[in-house]
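Take a look at the structure below.
The values are calculated or read from the model by the stated rules, or taken from the named source; none is laboratory data. Bear in mind the structure is a predicted one, so any value in this text is a computation, not a measurement. Glycine gets a Cβ as well: all are built from the backbone with ideal geometry, and neighbour counts include every protein chain shown. Side chains are part of the model used for accessible areas, which takes the heavy atoms of the whole protein and leaves out ligands, DNA and RNA. Shrake-Rupley method; radii C 1.70, N 1.55, O 1.52, S 1.80 Å.
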Amino acid sequence: MFKFLRKYDKWILAIGGSLLLITFLVPQAIQGLSEYSAQTGASWATVGKSGQKITQGEADMLRRQARLIDSMGPNAFLNQLGAGGDPAHWYLLLREAEEAGLVGGPASGYELAAQMASNGGEGVSPEQVVSLLGSRAGLNYDQALETLADIQGVSRLIALVSTAGRFSDTRLRGTAARKSLGVSADVVLLDARTDTTIEVPEQDEAAIRSQLEAHAEDLSGEGDRGFGYRVPDRLRIEWFTIPRAEVEASLENDPALGPIELRKAYQRNPEKFGGGAISTSVNPPTFSENEEAVRSTLLKELVDERMRAIAKFSDDRLQFPRRSLKRSGLHYILPEDWADQRTSLTDLASQIASDFAIPAPTVDSTGDEWVVSEDLADADRFGPLADAGTELFGRNRSTVSQLAPNLREFGGTDTIPIQNGVAFPALTTTDGDLVVARVTDADPSHAPEDLEMVRDEVVSDLQAVVRYETLLDRLSSIEATARTEGVRAVANEYDVPVEFAADIREANLEFLIQYGLEISSQIPGLGSDPDAISGVIDRAIEIDPTSPLLDQPAEGRIFAIPLPERLAVLLVSVERISPLTIEDWRRLSGNLAPLQAAFSRDLGEFDPAEVFGIDALTERHDFMLTRASQDDEEDGAEEESDAPDADTTTS
C-alpha cells in the first residue's frame, strides 16, 4: 500500500489538490454568478404609464455610453444639455429619438466619426476615432459605433424640434389676424414728463436721495421707467478743418495748369478728357474743344495730391513726439507732462498754412464742456467734424462719433488704437475736406459723485411720477370726457395736440408676405412703442368689423391706455379698422415658413434645455429611478467629482 502511494504520490497530490480547489471555489463561483444575475436583472428604473422596467444591466451600458459622450468634451452639444454626466438623461433622449425613428445603423455612426476625424487633423481616420472613444468608455468597436449612431439620432431629433414651426395652423391664422389688424384713430398723448397743466408739490429731500440711490448705477433711459443718473462716457475734443475748396483755390494758378501743360496732357491721352483717339477718329478732336475739361480734370488731380500731402504732413508732425514712447498693446504709455510735449494743433495749423500757402485753419474745441460720443454726430453743432471719418480700422468708413466709444479710457478694443491725448489719423469728410482732431480729456462712465450733479434730473423724474399717478387717478374722467365731448376737449384741457394715426398695426402686411418680418407702425409721439401698439390692438380687436363703427358703444371705440414705462397715457378714438381679409390670408399662407419664423420671435428664442432637459423628459416619460439606483448614481457622481482630472492624471 505504502509502496503504491510512494509510486503515485505526485498524481495523487495533483488530483487531490485539484479536487480540494474545486471544492473551495465552486460555492464562491455559484454565489458570484447568482449575485451578478441579481444585479443585471434588478430594476434600475421604470418608464412610461405601464411602468416598464429598465434593468441594471441595461443601465450599465447607458453609463458607458454617457461616459463616451462626456469624453467628447464640454463643447459637445449633448454635454451642454447634461447628458454626458447622467445616464438617465441620455436614456430619455435616446428613447425619444428611437420612438421618432431617427436612429440609424452603423453607417450613421461612421458618418459622425468621419466628421470628427476631419476636425482632428490629417492622418486621423474614422476607425481611430471610434476605437479611441470606445476605449475611453469601456466599449468595444461595435458598441462605440452604435453609440455614435445613437448620438446622431438624438442630434437629428433636437435639430428637427428646434426648426419646426411653433404655431398650429389655427393659432397661426389667429396670430396673423391680430398682427395685421389695422387701426386708424385720433390719438392724444398725455406725457407726464412734459405736461405743464398738472401742479405738483415740492419734492421731499429724502425722496430725492432715495430716487438717486435706486438708480445711481443706471444710465439714463436704461433703468426702470427710463430712470438713470449714471454719468455716461464723455469727452472733450479739439479739431480744425482744411476745406478742399481753399486748397483748390490755392492751386488755380499752379504752373501745371498753364496752356502748354494742358495741351501736352491732352495730346498724351485725349480719351481721358472726353475726346476720341486721334489715330482712329474720322474728325480728330481739338484741344480747344476740350480745354475746360482738361483743366478741370488736372486741377482735381492736383487737389487730390495736395490733400494727401497735407494729411501726411499733419500725421508726421503729430507722430513725431510719440517716437520714443513705449506702448502697452496698441496704445501709448503717455508721460504726465504729455500735454506740454505733444504738438499743439494751433501750431500745426500755422505750419500747414505756411507750407501749403492756404489760409490758416481755426482750431475749434468743446472747451470745458463734456460731450458724449453721440453728440459728435450733430452737424449743426460740430460742422465737418460730424461727417469726418476714416477707413483705416475696417472695411467700412468710421466717423468720429463711431470711433470715440473705442477710446482706451472707455474700455478700448484690440483693433482700434485710439486714446485720450493722441490725435486721430487724418480724417476726411464725404465732401473731401480734411479734419484733424484729438481728444483732450476723457471721463469714463461712473455714478454721480454727489446729488447736485444730477439734482435737476432726479427732481424732474419724481415730478413726472406724481403727474403720471394723477393721470391714472383721472383715467375714468378722461375717458368719460372723450366719449361725451370728444378727444379734442381732453387735448385742450391738457394743452396737447390731437394727432391722427393712419394705420396702427403690429406688423406691416406687405413685409410679412414678402420677407416674413414684423415691422410695426408708428404712433405720433411714441414711435413704434410695442406696449402702446399692443394696447390699441387689444382693445380694437374686440370691435365688430361687420357693423358700422358709429353704431357700436363708445366704450369700445374710445379708450385710454396707461403706459407706465413711458409715464404717459394714450387716449385713442378709433375711426376705422382694417381686419385681415381672406385674400390677404391666402397671400400669407402661400409661404408659411417665414410667417412661422416671424411670429415665433415673440415666443423668445428656442431653448433646447427647456424641451430636452432632464426635468422635462422625466415628466414627459413618467421616468423614475429605483431608490437603490438613486443611491448608486449619487455615489457615482461623488466618486467622479472626487477623482482627479483626466488631463492631470495622464500628464
Scope the stretch 354-386; condition of a type in the set (A, V, I, L, M, F, W, C) and either part of a helix (DSSP H, G or I) or under 23 Å from Pro444 (Cα atoms) (or both); matching residues: Phe356, Trp370, Val371, Val372, Leu376, Ala377, Ala379, Phe382, Leu385, Ala386
Limited to the stretch 517-546, what total is found for residues that are more than 27 Å from the chain's Cα centre (by Cα) and within 15 Å of Leu181 (Cβ to Cβ)? 12
I'd like the residue in the stretch 405-414 that is touching a residue at least 40 places away in the same chain (Cβ under 8 Å) and either part of a loop (DSSP other than H, G, I, E, B) or among the small types (Gly, Ala, Ser) (or both) and, out of all such residues, is least open to solvent (accessible area, probe 1.4 Å). Leu407
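So that you can scan it fast, the table gives a plain yes or no per residue for (1) charged (D, E, K, R); (2) surrounded by 19 or more Cβ atoms within 10 Å (Cβ to Cβ):
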residue: Val187; (1), (2): no, yes
residue: Gln203; (1), (2): no, no
residue: Asp218; (1), (2): yes, no
residue: Val231; (1), (2): no, yes
residue: Leu235; (1), (2): no, yes
residue: Asn253; (1), (2): no, no
Any idea which of Ala502, Ala491, Ala532 is surrounded by fewer than 15 Cβ atoms within 10 Å (Cβ to Cβ), among the aliphatic types (A, V, I, L, M) and modelled with pLDDT of 85 or more? Ala502
Only one of (1) at pLDDT 90 or above; (2) open to solvent by 20 Å² or more (accessible area, probe 1.4 Å); (3) touching a Lys or Arg at 6+ places or on another chain (Cβ under 9 Å); (4) farther than 26 Å from Ile519 by Cβ is not met by Thr618, so which one is it? (3)
Exactly one of Glu252, Glu248, Glu271, Glu238 is at pLDDT 85 or above and out of contact with any helix residue (DSSP H, G or I) (no Cβ under 7 Å at 6 or more places or on another chain), and that one is Glu252
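Residue by residue, here is whether (1) among the small types (Gly, Ala, Ser); (2) modelled with pLDDT of 90 or more; (3) buried (at least 21 other Cβ atoms within 10 Å of the Cβ) holds:
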| position | (1), (2), (3) |
| --- | --- |
| Ala88 | yes, yes, yes |
| Ser108 | yes, yes, no |
| Met116 | no, no, no |
| Gly123 | yes, no, no |
| Asp150 | no, yes, yes |
| Thr163 | no, no, no |
| Val183 | no, yes, yes |
Checked the stretch 336-353 for anything open to solvent by 20 Å² or more (accessible area, probe 1.4 Å) and not in a loop (DSSP other than H, G, I, E, B); matches are Ala339, Asp340, Gln341, Thr346, Asp347, Ser350, Gln351
Does Arg193 qualify as being open to solvent by 30 Å² or more (accessible area, probe 1.4 Å) and modelled with pLDDT under 90? no
Residues of the stretch 53-67 being open to solvent by less than 60 Å² (accessible area, probe 1.4 Å), within 13 Å of Ala88 (Cα to Cα) and assigned to a helix (DSSP H, G or I), which ones? Gln56, Ala59, Met61, Leu62, Arg64, Gln65, Ala66
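Can you tell me which residue within the stretch 316-335, out of those that are part of a helix (DSSP H, G or I) and over 18 Å from Thr440 (Cβ atoms), is least open to solvent (accessible area, probe 1.4 Å)?
My answer is Asp316.
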Going by the conditions given, is Gly51 at positive phi, touching a helix residue (DSSP H, G or I) at 6+ places or on another chain (Cβ under 7 Å) and not hydrophobic (A, V, I, L, M, F, W, C)? no
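Restricting to the stretch 125-143, and then to whatever is among the small types (Gly, Ala, Ser) and in a helix (DSSP H, G or I), can you tell me which residue is most open to solvent (accessible area, probe 1.4 Å)? Spell out how you get there, then give the answer.
From the stretch 125-143, those among the small types (Gly, Ala, Ser) are 125, 131, 134-135, 137-138; that's our starting set.
Filter once more, so that each one left must be in a helix (DSSP H, G or I): 131, 134-135, 137.
On the way: Ser131: 62, Gly134: 1, Ser135: 83, Ala137: 1 Å².
Taking the candidates together, the pick is Ser135.
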So the check is Cβ under 7 Å with 6+ separation or different chains; which pairs have a first residue in the stretch 330-341 that's under 21 Å from Gly411 (Cα atoms) and a second one that's in a helix (DSSP H, G or I) and open to solvent by 70 Å² or more (accessible area, probe 1.4 Å)? His331/Arg408; Pro335/Gln341
If a residue has to be under 39 Å from the mean Cα position of the chain (by Cα), basic (Lys, Arg) and closer than 22 Å to Thr429 by Cα to count, how many in the stretch 305-343 make the cut? 2
Going through the stretch 88-130 in order, the residues found to be within 22 Å of Ile54 (Cα to Cα) and aromatic (Phe, Trp, Tyr) are Trp90, Tyr91
Which one is surrounded by the fewest Cβ atoms within 10 Å (Cβ to Cβ) among residues in the stretch 547-573 that are farther than 27 Å from Ile198 by Cβ and among the aliphatic types (A, V, I, L, M)? Leu550
What pairs come out if I take residues in the stretch 303-315 that are of a type outside the set (S, T, N, Q) and pair them with residues that are loosely packed, with under 13 Cβ neighbours inside 10 Å and assigned to a helix (DSSP H, G or I) whose C-beta lies under 7 Å away, six or more apart or interchain? Phe313/Asp355
Pairing a residue in the stretch 187-214 that is in contact (Cβ under 8 Å) with a residue 40 or more places away in the chain with any residue that is part of a helix (DSSP H, G or I) and among the small types (Gly, Ala, Ser), where Cβ atoms lie under 7 Å and the two sit 6 or more apart in sequence or on different chains, gives Val188/Ala491; Ala192/Ala464; Arg193/Ala464
Of all residues in the stretch 422-471, count the ones that are over 30 Å from Val569 (Cβ atoms), β-branched (Val, Ile, Thr) and either in a helix (DSSP H, G or I) or touching a Pro at 6+ places or on another chain (Cβ under 6 Å) (or both). 2
Output the residues belonging to the stretch 40-52 that are surrounded by fewer than 15 Cβ atoms within 10 Å (Cβ to Cβ), at pLDDT 85 or above and not in a loop (DSSP other than H, G, I, E, B). Gln52
